[in-house]
């Protein structure tokens with residue numbers, strides 16, 4: 001798949017801009033703060049209706065406006081006309097070929113993988129960052145996952161409201177266990193796939209380095225089971241056991257909304273022992289794994305957004321990274337300097353300054 005064009009109005013520091021892209025490599029040149037990253041974000045939002053940087057639409061509006069609007073043509077087996085619009089005080093509006101649609105439909109048709117400096121937080125940040133990572137890319141892999149996640153979030157909100165009002169919340173526990181067990185099964189399989197691919201990529205980039213990950217659910221399982229009945233029974237049993245504690249605390253203390261991922265670099269916990277370069281390399285390995293999984297799932301290459309990925313990497317790791325990129329479809333690369341020659345063959349280059357594409361290089 002690839003994006004043919006985008007029209008941007010009032011998004012971040014872009015007031016108004018129309019851009020046509022190459023279906024291959026697109027290199028975005030510009031100084032820090034020029035708008036390169038914002039342009040990548042607009043592409044992500046156009047494809048999936050949400051940002052990979054922030055879930056709050058209001059922060060994406062240009063400072064002198066009260067709305068943003070993105071329109072574009074995206075090819076995925078056929079050309080689609082997509083529009084995403086948000087105005088302060090209103091709900092986000094999404095249309096596909098002129099017809100109002102839900103965000104879930106975008107996830108079912110399009111896939112996009114972003115890779116940038118903020119991804120180091122997957123290793124070093126709070127558990128919520130790692131849950132967002134799982135949700136964002138698993139939702140692109142499986143419509144079933146997104147459906148259960150949406151329903152789970154609604155039930156969780158209802159249960160928390162009941163707890164605050166000191167109302168019996170046991171009925172919500174069964175629904176949470178039903179949807180939560182399905183989500184956990186998806187996460188177990190997904191992370192097993194990612195673990196195998198990312199460990200290999202990390203070793204190739206670092207010339208033999210060791211990187212491992214492990215799913216850490218808040219619901220205790222006997223083993224890394226892939227039996228849905230066992231997962232459901234463990235989920236239901238845990239929620240039954242903590243019923244009184246949750247009632248006293250007035251909060252849902254266990255469930256997939258409390259899950260985490262444990263990462264290790266060279267046998268040590270990555271969050272406390274990793275360097276900036278190791279975090280960046282680990283994040284790159286994770287996203288490359290996601291890219292290959294989505295490519296296989298959709299039988300087409302996702303759009304790949306690379307935001308200053310060579311920062312903080314030494315020459316050896318840059319060389320290792322380029323070697324494992326392999327075949328890709330449409331690629332967007334931001335840089336304040338000249339990128340490696342491999343990305344400059346048959347590419348389209350844009351010069352960006354002050355929230356505008358001011359010319360092609």
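Give me the one-decimal nm value for the distance between modelled label points at residue 66 and residue 266, 7 Å along each residue's Cα-to-Cβ direction.
5.5
Using Cα pairs closer than 8 Å and at least 6 residues apart in sequence, work out the relative contact order for the stretch 122-299, in percent. Provide the component values of the computation, followed by the final result.
Working: 219 pairs, mean separation 55.7, N = 178.
Dividing the mean separation by the residue count of the stretch 122-299 yields 31 percent.
So what is the relative contact order for the chain, in percent, with contacts set as C-alpha pairs under 8 Å and at least six apart?
Details: 652 pairs, mean separation 95.1, N = 361.
Computed value for the chain: 26 percent relative contact order.
Find the relative contact order for the stretch 47-94 and round it to a whole percent, using C-alpha pairs within less than 8 Å whose residues are 6+ positions apart. Display every interim value, and only then the final one.
Details: 54 pairs, mean separation 14.7, N = 48.
RCO, the stretch 47-94: 31 percent.
What FRET efficiency would be calculated for the residue pair residue 276, residue 90, taking the C-beta separation as r and a Förster radius of 35 Å, to the nearest 0.05? Please report the intermediate quantities before stating the final value.
Numbers: r = 40 Å, r/R0 = 1.14.
In this case the efficiency is close to 0.30.
Ranked highest first by the average count of other Cβ atoms within 10 Å around their residues, in what order do 284-292, 249-257, 89-97 fall? Present the calculation step by step, with values, prior to reporting the outcome.
On the way: 284-292: 24.6, 249-257: 18.0, 89-97: 13.0.
The peptides rank, most packed first, as 284-292, 249-257, 89-97.
Using a 10 Å cut-off on Cβ atoms, rank the peptides 334-343, 49-58 from the highest mean neighbour count down. Numbers along the way, then the final one.
Details: 334-343: 14.7, 49-58: 16.7.
For the peptides 334-343, 49-58, the packing ranking is 49-58, 334-343.
Indicate, rounded to the nearest 5 percent, the antiparallel portion of the DSSP beta bridges found entirely in the chain. Write down the numbers at each step before the final one.
Values: 41 of 59 bridges.
The antiparallel proportion sits near 70 percent.
Report, to two decimal places, the Cα Rg of the stretch 115-224 normalised by 2.2 N^0.38 Å (N = number of residues). Don't skip to the end; give the middle numbers.
Working: Rg = 16.8 Å, N = 110, 2.2 N^0.38 = 13.1 Å.
Relative to the rule-of-thumb radius for its length, the stretch 115-224 sits at 1.28.
Out of 99, 112, 45, any idea which swings most in a Gaussian network model of the chain, alpha carbons joined below 10 Å?
Looking only at 99, 112, 45, the biggest GNM fluctuation is shown by 99.
Kirkwood Rh and Cα-based Rg: tell me the resulting Rg over Rh for the stretch 232-361, rounded to two decimals. Display every interim value, and only then the final one.
Working: Rg = 21.6 Å, Rh = 18.9 Å.
Rounded to two decimals, Rg/Rh equals 1.14.
Based on a Kirkwood Rh over C-alpha pairs, give the Stokes-Einstein translational diffusion coefficient of the chain at 4 °C and viscosity 1.567 mPa s in µm²/s. Could you put the intermediate results ahead of the total?
Details: Rh = 21.7 Å.
So the translational diffusion coefficient is about 60 µm²/s.
What is the Cα coordinate range of the stretch 122-299 on the first, second and third principal axes, sorted by size from largest, in whole angstrom?
The principal-axis extents, from largest down, are 57, 38, 26 Å.
Kirkwood Rh over alpha-carbon pairs of the stretch 68-149, then Stokes-Einstein at 37 °C and 0.692 mPa s: what D in µm² s⁻¹, rounded to an integer? Can you show the working numbers first?
Values: Rh = 14.6 Å.
After rounding, the answer is 225 µm²/s.
Name the most mobile residue of 61, 74, 228, meaning the one with the largest mean-square fluctuation, in a Gaussian network model of the chain with Cα contacts below 10 Å.
Fluctuation is largest for 228.
Coordinate-derived values only; no laboratory data. Computed from a predicted structure; not experimentally measured. When we count neighbours, we look across all protein chains shown, and the Cβ atoms used for this are built from the backbone with ideal geometry, even at glycine.
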